[in-house]
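S.K.: This is the structure, below, for whatever I ask next.
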Amino acid sequence: MLENPRVAIIAGSKSDQPVVDDAVKVLTELGVSHEVQFLSAHRNPEGLRRYLSSSTADVFIAIAGLAAHLPGVIASTTVKPVIGVPVNAKLNGLDSLLSIVQMPPGVPVGCVGIDNARNAGILAAEIIALGDPGVKGRLEKMREAWR
């Protein structure tokens, strides 16, 4: 574990590694410190709780397929922003997408497109940039390069 990552990327399964890699790549490009954990809300709820209680991250990216409870479980334990990334594991990822976006009132989870962890990384960086001029400048350069 990093001492003080700005973003924690949590995936429910090692099979989500290709999606995780997209978030890691963009956060690295933007110079945002981050760490990756593989913790299932279903198979290792106690390990997830322990990690969340000790994490110093400012933003969480939760990558999950199928029932996709991971983002909601994280959001239920923190008031920090949680960005859900639905994974195309079954039903073209629609099951995961609906599980993430249909959170009950009071427990919001931001959600990006199916398998779109790159956007999750950019959104996490935008949140960090609210208080970090260096990250803001790097985001502005990235956006300018897209034009």
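S.K.: Could you list, in sequence order, all residues of the stretch 94-120 that are in a helix (DSSP H, G or I) and under 13 Å from Pro81 (Cβ atoms)?
M.R.: Passing the criteria: only Ala120.
S.K.: I would also like to ask the following. In the stretch 10-23, which residues are touching a residue at least 60 places away in the same chain (Cβ under 8 Å) and within 10 Å of the chain's Cα centre (by Cα)?
M.R.: Ile10, Val20, Ala23
S.K.: Out of all the residues in the stretch 127-141, which are in a helix (DSSP H, G or I) and under 16 Å from Thr28 (Cβ atoms)?
M.R.: Ile128, Ala129, Gly134, Val135, Arg138, Leu139, Lys141
S.K.: Within the bounds of the stretch 111-128, is there any residue that is on the phi > 0 side of the Ramachandran plot and under 13 Å from the mean Cα position of the chain (by Cα)?
M.R.: yes
S.K.: Which one of the conditions (1) more than 19 Å from Ile114 (Cβ to Cβ); (2) at pLDDT 95 or above does Leu70 fail to meet, given that it meets all the rest?
M.R.: Result: Leu70 fails condition (1) only.
S.K.: For the stretch 68-93, which positions are touching a residue at least 12 places away in the same chain (Cβ under 8 Å), exposed (fewer than 15 other Cβ atoms within 10 Å of the Cβ) and more than 16 Å from Ile9 (Cβ to Cβ)?
M.R.: Lys90, Asn92
S.K.: Being more than 11 Å from the chain's Cα centre (by Cα) and either among the aliphatic types (A, V, I, L, M) or within 20 Å of Gly106 (Cα to Cα) (or both) is the filter here, so list the residues in the stretch 76-94 that pass it.
M.R.: Selection gives Ser76, Thr77, Thr78, Val79, Lys80, Val87, Ala89, Leu91, Leu94.
S.K.: Quickly run through the stretch 76-122 and pick out the residues that are basic (Lys, Arg) and modelled with pLDDT of 95 or more.
M.R.: If the condition is that a residue be basic (Lys, Arg) and modelled with pLDDT of 95 or more, then Lys80, Arg118 are the ones that fit.
The values are calculated or read from the model by the stated rules, or taken from the named source; none is laboratory data. Note that this is a predicted model, so its numbers are computed, not measured. FYI the Cβ positions are ideal-geometry reconstructions off the backbone, even for glycines, and counts take in every protein chain you see.
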